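K.L.:
Before anything else, here's the structure in question.
Please treat every number below as a calculation from the coordinates, not as lab data. Keep in mind it's a predicted model, so treat the numbers as computed, not measured. FYI the Cβ positions are ideal-geometry reconstructions off the backbone, even for glycines, and counts take in every protein chain you see.
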Amino acid sequence: MDTTKLLELAADGDQAAWDALVDRYSSLLWSVARAHRLGDADAADVVQTTWLKLVENLRRIQDPARLPGWLATTVRHECLRQIRRAERERPTPDDESWRGRPADEPGVDTSLLREERNAGLWRGLAKLSEQCQRLLRVLMADPAPSYAEVSAALDVPVGSIGPTRQRCLRRLREHVRTEDGS
């Protein structure tokens, strides 16, 4: 069903139409939230707030074909709002992160090796241009967003996504290899 019809039906209270919209665009919202490096809880709040804003504006969407762009812009604004809010808050020593690990977690060596590998990847990613960082973060979403959704989220032409992704991944591999000494 096309987006125009889904928006009309959802505005009239059709739960199946709303569910179809959520299924269609959730990966886009999550990929934008992850591109802003939000934690799971903050990303979930941002995505939920974006859906709420869509509910509030269902009848005001004039061009349903541009809904992915509207959603991407809205979630981006919510991410920035959340980041500013988090900068004002300070964690305290009694925060949950200071407590011990549950017994069923993998051993220290397993998690240490995984953390070391991931840290190397993140350091390599940090050396990339801002454009590459955003693109790769958005493309890491699960399930992967379509190139049309990536285009809307990052405001880049669909035809440039694949070649840019290749260049960014090549640079990332080079940075990681250089760091490893390989």
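K.L.:
For region 3-88, what is one quarter of the convex hull surface built on the Cα atoms, given in nm²?
P.N.:
Working: hull surface 21.3 nm².
Seen from a random direction, the Cα hull of region 3-88 projects 5.3 nm² on average.
K.L.:
Using a Förster radius of 22 Å, what is the FRET efficiency between R37 and D2 based on their Cβ-Cβ separation? Nearest 0.05, please. Don't jump to the answer; show the numbers that get you there.
P.N.:
Working: r = 34 Å, r/R0 = 1.55.
So, using R0 = 22 Å, E works out to roughly 0.05.
K.L.:
When the chain is modelled as a GNM with alpha-carbon springs shorter than 10 Å, which of T74, T110, T164 fluctuates the most?
P.N.:
Among T74, T110, T164, the largest mean-square fluctuation in the Gaussian network model of the chain belongs to T110.
K.L.:
With a Förster radius of 45 Å, plug the Cβ-Cβ distance of R167 and D12 into 1/(1 + (r/R0)^6) and report the FRET value to the nearest 0.05.
P.N.:
Working: r = 46 Å, r/R0 = 1.02.
FRET efficiency, R167 to D12: 0.45.
K.L.:
From the residues T110, L154, H36, which one has its Cα farthest along the dipole of the chain in the positive direction, the dipole being from +1 and -1 charges on Cβ of Lys/Arg and Asp/Glu about the Cα centre?
P.N.:
Towards the positive end, the residue furthest out is L154.
K.L.:
Shape verdict for region 22-66, please, from the Cα gyration tensor: rounded (a/c under 1.5), prolate (a/b greater than b/c) or oblate.
P.N.:
It comes out prolate by the Cα gyration axes.
K.L.:
Shifting gears a bit: Find how many whole Å separate the alpha carbon centroid of region 106-182 from the alpha carbon centroid of region 1-66.
P.N.:
26
K.L.:
Also, I was wondering about something else. Considering only I83, L6, A17, whose Cα is most displaced toward the positive end of the charge dipole of region 3-88, charges sitting on Cβ of Lys, Arg (+1) and Asp, Glu (-1)?
P.N.:
I83
K.L.:
Find the Rg to Rh ratio for region 108-180, where Rh is the Kirkwood radius over alpha-carbon pairs and Rg uses the same atoms. Let's see the in-between values first.
P.N.:
Working: Rg = 13.8 Å, Rh = 13.2 Å.
Taking Rg over the Kirkwood Rh, I get 1.05.
K.L.:
Which is the longest stretch in the chain that no exposed loop site breaks, taking sites as trypsin sites (Lys or Arg not before Pro) with a DSSP loop state and at most 13 other Cβ atoms within 10 Å? Kindly include the intermediate steps, with their values, before the conclusion.
P.N.:
Working: sites that count: R37, R99.
Within the chain, the longest run free of exposed trypsin sites (Lys or Arg not before Pro) spans 100-182.
K.L.:
Evaluate the distance, in nm, between pseudo-label points positioned 7 Å from the Cα of R60 and of E179 along their respective Cα→Cβ axes.
P.N.:
4.3
K.L.:
For the chain, count all C-alpha to C-alpha pairs, find those more than 25 Å apart, and express that count as a whole percent of the total.
P.N.:
Values: 7859 of 16471 pairs.
For the chain, the share of Cα pairs beyond 25 Å comes to 48 percent.
K.L.:
In debye, nearest 20, what is the charge dipole magnitude of the chain about its Cα centre with +1 on Lys and Arg Cβ and -1 on Asp and Glu Cβ, if you could check?
P.N.:
It comes to approximately 920 debye.
K.L.:
If you take every residue apart from N57 with its C-beta less than 14 Å away from the C-beta of N57, what net charge results, scoring Lys and Arg +1 and Asp and Glu -1? Don't jump to the answer; show the numbers that get you there.
P.N.:
Working: positive: K53, R59, R60, R66; negative: E8, E56, D63, E78.
Result for the neighbourhood of N57: 0.
K.L.:
If you don't mind, another one. Counting Lys and Arg as +1 and Asp and Glu as -1, what is the net charge of the other residues whose Cβ lies under 10 Å from the Cβ of Q133?
P.N.:
Details: positive: R37, K127, R134, R137; negative: E130.
With Lys, Arg at +1 and Asp, Glu at -1, the net is +3.
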